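Input: a single structure, listed below in structure tokens.
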Amino acid sequence: MRWQVGDITITRVQELEAPGMRFLLPDATAENLAAIPWIGPYVDAGGDAVGSVHSLILEVGDRCIVVDTCIGNDKERLPMKMWHRRQSPFLEDLAQAGFPAERVDTVVCTHLHVDHVGWNTRLVEGRWVPTFTNARTLVARPEWEHWSEEEDEHTRTVLGDSVQPIFDAGLVDLVEVDAQIAEGVRLESTPGHTPGHVAVRISSRGEEAVITGDLVHHPAQFAQPGWEDKADSDPALADRTRRDFMARYADTPTLVIGTHFAGPTAGRLVRDGDAYRLDA
């Protein structure tokens, strides 16, 4: 799946499709989703929400930028059985799409949750080593400052196998939440899901796109902005940020690309009564 935004090419490389999202969005029942007329591409045959775990790769001139690195292989991820000790061909799929690991010069982590940092590293002879050895990995400073102080065992495991090794290798740059990372590509502060969460704004030749990160997990949230998202660290702030994002991008030509949207993955946000819809 590929989009062109001016001179910038954006390619989706999927690690897995994720059936069932009520562990994140408890209101996303089949009945509630069926009440959203345009939701068809984002639900399965039984009417349940479907998500995706994928990376988005930006080609900006001779630059190759990977936004979020999914779950990874060999990681201890119980109780998430689908994520535990995976053996997926993601790196091969990335290379087949034209992006061998050595070509990547920049990695952007929209935040440091488990399904956004996994392929930062891979297991080699019992050690976690950087995957993208020619790349600088960019992490928003407030995001690292928050999670580096976290004592939760799961978080420590994720940081230990997927983040700390790239710090140890000297491959990380802590950046501001509005940093420009390439010509026409900059971060946009979208806190609430996590303290230093960022979206990625893309502009080229008068065309625009934005990558959501986990600001929105499923397009149904455009129709129901008030639905609870269990993964938000600050629900009130996340709600305000989501609503601000929707108001800012609705009825504009900006292509909204969902970091966890299955189906078409991208579309234009349109006002629809008191809420919004995503026109793919």
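Condition check ((1) under 22 Å from residue 32 (Cβ atoms); (2) of a type in the set (S, T, N, Q)) across all residues:
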| residue | (1), (2) |
| --- | --- |
| 206 | no, no |
| 241 | no, yes |
| 253 | no, no |
| 271 | yes, no |
| 275 | yes, no |
Query raised in the report: What residue, of 248, 268, 277, 242, is surrounded by fewer than 17 Cβ atoms within 10 Å (Cβ to Cβ) and touching a residue at least 12 places away in the same chain (Cβ under 8 Å)?
Result: 268
Report task. Could you check, for the range 71-87, whether at least one of its residues is aliphatic (A, V, I, L, M), out of contact with any His (no Cβ under 9 Å at 6 or more places or on another chain), outside any strand (DSSP E or B) and under 23 Å from residue 203 (Cα atoms)? Result -> no
Query - Pair list, Cβ < 8 Å and 6+ apart or interchain, from the range 62-82 residues that are in contact (Cβ under 8 Å) with a residue 60 or more places away in the chain and more than 13 Å from residue 115 (Cα to Cα) to residues that are among the polar types (S, T, N, Q) and surrounded by 22 or more Cβ atoms within 10 Å (Cβ to Cβ) - result: 66/55
Query raised in the report: So, in the range 28-87, of the ones that are modelled with pLDDT of 95 or more and aromatic (Phe, Trp, Tyr), which residue ends up nearest to residue 153 (Cα to Cα)?
Result: 42
Query - Tabulated pairs, the range 20-34, first free of Cβ contacts under 8 Å to residues at least 60 places away in the same chain and among the small types (Gly, Ala, Ser), second exposed (fewer than 14 other Cβ atoms within 10 Å of the Cβ) and in a loop (DSSP other than H, G, I, E, B), C-beta under 7 angstrom, 6+ apart or interchain - result: 30/46
Query raised in the report: How many residues are surrounded by fewer than 24 Cβ atoms within 10 Å (Cβ to Cβ) and under 16 Å from the mean Cα position of the chain (by Cα) when one looks only at the range 197-209?
Result: 1
Query - Residue that is surrounded by the most Cβ atoms within 10 Å (Cβ to Cβ), among those in the range 165-187 that are of a type in the set (D, E, K, R), within 20 Å of residue 63 (Cβ to Cβ) and without any contact (Cβ under 8 Å) to a residue 24 or more places away in the chain - result: 186
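Each row is one residue, and each column tells you yes or no for (1) among the aliphatic types (A, V, I, L, M); (2) over 15 Å from the mean Cα position of the chain (by Cα).
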| position | (1), (2) |
| --- | --- |
| 192 | no, no |
| 215 | yes, no |
| 226 | no, yes |
| 232 | no, no |
| 238 | yes, yes |
Report summary line: For the range 13-27, the count of residues that are modelled with pLDDT of 95 or more and surrounded by 20 or more Cβ atoms within 10 Å (Cβ to Cβ) equals 3
Requested in this report: Mind listing just one residue for me: the one in the range 228-274 that is among the hydrophobic types (A, V, I, L, M, F, W, C) and in a loop (DSSP other than H, G, I, E, B) and, of those, farthest from residue 6 (Cα to Cα)?
Outcome: 231
Report summary line: residue 45 meets each of (1) without any contact (Cβ under 8 Å) to a residue 60 or more places away in the chain; (2) touching a Leu at 6+ places or on another chain (Cβ under 8 Å) with one exception, condition (2)
Query raised in the report: Could we say that residue 211 is among the hydrophobic types (A, V, I, L, M, F, W, C) and under 30 Å from residue 279 (Cα atoms) here?
Result: yes
Query raised in the report: Hey, any hits in the range 49-70 for a residue that's surrounded by 13 or more Cβ atoms within 10 Å (Cβ to Cβ) and assigned to a helix (DSSP H, G or I)?
Result: no
Requested in this report: Filter the range 208-227 for residues that are in a loop (DSSP other than H, G, I, E, B) and charged (D, E, K, R) and give the result.
Outcome: none
Query raised in the report: Looking at the range 100-131, which of the residues that are under 18 Å from the mean Cα position of the chain (by Cα), surrounded by fewer than 24 Cβ atoms within 10 Å (Cβ to Cβ) and assigned to a loop (DSSP other than H, G, I, E, B) is modelled with the lowest pLDDT?
Result: 113
Query raised in the report: Before we move on, is residue 173 touching a strand residue (DSSP E or B) at 6+ places or on another chain (Cβ under 6 Å), modelled with pLDDT of 95 or more and assigned to a helix (DSSP H, G or I)?
Result: no
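The values are calculated or read from the model by the stated rules, or taken from the named source; none is laboratory data. What you see is a predicted model, and the numbers here were worked out from it, not measured in a lab. Positions of Cβ are generated from backbone atoms using ideal geometry, with glycine treated the same way; all protein chains shown enter the neighbour counts.
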